[in-house]
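Working notes, structure below.
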Amino acid sequence: MTYYRFKTFTTSYYFPKLNTDQQYMYGLYSAYGGKLSKLYWSWFKKYSIVRALTAVNEDKLPFHYQQIKEADGTDCLMSFNMGSPGVEQKISILGYDNQNHTPFFAKFSQKPIAKKLTTNEIDIYKTLKSTQLTPKLLDYKINENYVYLKAEYIKGERPKSKKVTSEILTLCLKLKNYHLTTKKNDENGLLLALSHGDFCPWNILMYKNQMKLIDWELAKDRPLGFDLFTYICQVSLLFNPECELLQVINEHNILIEQYFTDCGVKDYLPYLKSFATEKANYEKNKGNSKAFEKYHRLKNILS
């Protein structure tokens, strides 16, 4: 089979020839870049001659294509996102089951940390299977060589506004009702609840008047407010990397206080400090120096 490579500054995407019903597979890529990258992406999807210049045969793909097909075990068509290089790198997949005529989403992880994260996501899907918060888990395989997760494809739209809306706030409040362990407080006495861990617009889908969360690999019990703070800070840093996080927090103070009031917490600053501490450590471990500096500065201000 022939695949067509779409390359960005950080990774590559591989798409097979797609018919009209399979165009959703292009959803693996979100055009967040500048005008030139958006224009090239538009041409790549629209013109076969552009794609032909990037053709790669399946036996020349720079990843374990046959191993992925064997892990899935069905007659299916797949498109691939190679992911950002690093210890957490994994392959994300949008596929089409030729037997059931249904779309699906999948992940294939081989690096140790990536395998651990994908295994965690599988556990979250199983834990929350009756909550309507996640896509349905269709299949999974865990062995020493790889971890494979397969879930239903959600044909939803991401939030049109990057601002914290009442719907986003409601979703954050809904998550506080779930726990992965019986532990109710952390070592500092802060209240714990289920946290998605990467609660951002690109991981939220509107589906049949419901909000569903995808990409749960960082989920665990954390002090309250972690997801709300993540949404506020990560979006701000994405669109304005030079922003000061304390100023961003102050601009959202009314919504933050509303959240913590509904949680029965009067002072949210200890929770904000806990958030900043974890995010600073996380970004440092990933080698994201600019993000680390922002969260580290916020932590120091709150200390």
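The values are calculated or read from the model by the stated rules, or taken from the named source; none is laboratory data. None of these values were measured; they are calculated from a predicted model. We place every Cβ from the backbone using ideal geometry, glycine too, and count neighbours over all the protein chains shown.
General observations
- Pairs are defined by a Cβ separation below 6 Å, a sequence spacing of at least 6 or placement on different chains, a first member in the range 42-66 that is over 10 Å from Tyr4 (Cα atoms), and a second member that is surrounded by 13 or more Cβ atoms within 10 Å (Cβ to Cβ) and charged (D, E, K, R); the pairs so defined are Tyr65/Glu58.
- Every residue from the range 244-255 that is assigned to a loop (DSSP other than H, G, I, E, B) and either surrounded by 15 or more Cβ atoms within 10 Å (Cβ to Cβ) or of a type in the set (Lys, Arg) (or both): His252
- Options Tyr65, Tyr24: the member that is of a type in the set (Ser, Thr, Tyr) and either in contact with a helix residue (DSSP H, G or I) (Cβ under 8 Å, 6 or more places away or on another chain) or not assigned by TED's automatic domain parsing to the domain that holds Asn98 (or both): Tyr65
- Test: Ile122 is buried (at least 16 other Cβ atoms within 10 Å of the Cβ), touching a residue at least 40 places away in the same chain (Cβ under 8 Å) and of a type outside the set (Asp, Glu): no
- Per the listing Lys184, Lys162, the residue uniquely surrounded by 13 or more Cβ atoms within 10 Å (Cβ to Cβ), within 30 Å of Leu224 (Cα to Cα) and among the basic types (Lys, Arg) is Lys162.
- You will find that of Phe44, Phe80, the residue that is farther than 22 Å from Val147 by Cα, surrounded by 17 or more Cβ atoms within 10 Å (Cβ to Cβ), of a type in the set (A, V, I, L, M, F, W, C) and assigned by TED's automatic domain parsing to the domain that holds Ser92 is Phe44 and no other.
- Among residues of the range 139-153 being crowded, with 18+ Cβ neighbours inside 10 Å and in contact (Cβ under 8 Å) with a residue 24 or more places away in the chain, the one that is nearest to Leu28 (Cα to Cα) is Tyr153.
- Qualifying positions in the range 256-268 - touching a Leu at 6+ places or on another chain (Cβ under 6 Å) and in a helix (DSSP H, G or I): Tyr259, Asp262
- Taking the range 11-41 as the range and being surrounded by 13 or more Cβ atoms within 10 Å (Cβ to Cβ) and part of a helix (DSSP H, G or I) as the test, the residues that pass are Gln22, Tyr24, Met25, Tyr26, Gly27, Leu28, Ser37, Tyr40, Trp41.
- Leu269 in contact with a helix residue (DSSP H, G or I) (Cβ under 8 Å, 6 or more places away or on another chain) and closer than 28 Å to Ala106 by Cβ: no
- Wholly within the range 172-230, strands (runs of 3 or more DSSP E) carrying at least 2 residues that are over 21 Å from Phe104 (Cα atoms) and touching a helix residue (DSSP H, G or I) at 6+ places or on another chain (Cβ under 7 Å): 192-195
- Of the residues in the range 7-20, at least one is within 23 Å of the chain's Cα centre (by Cα) and free of Cβ contacts under 8 Å to residues at least 40 places away in the same chain.
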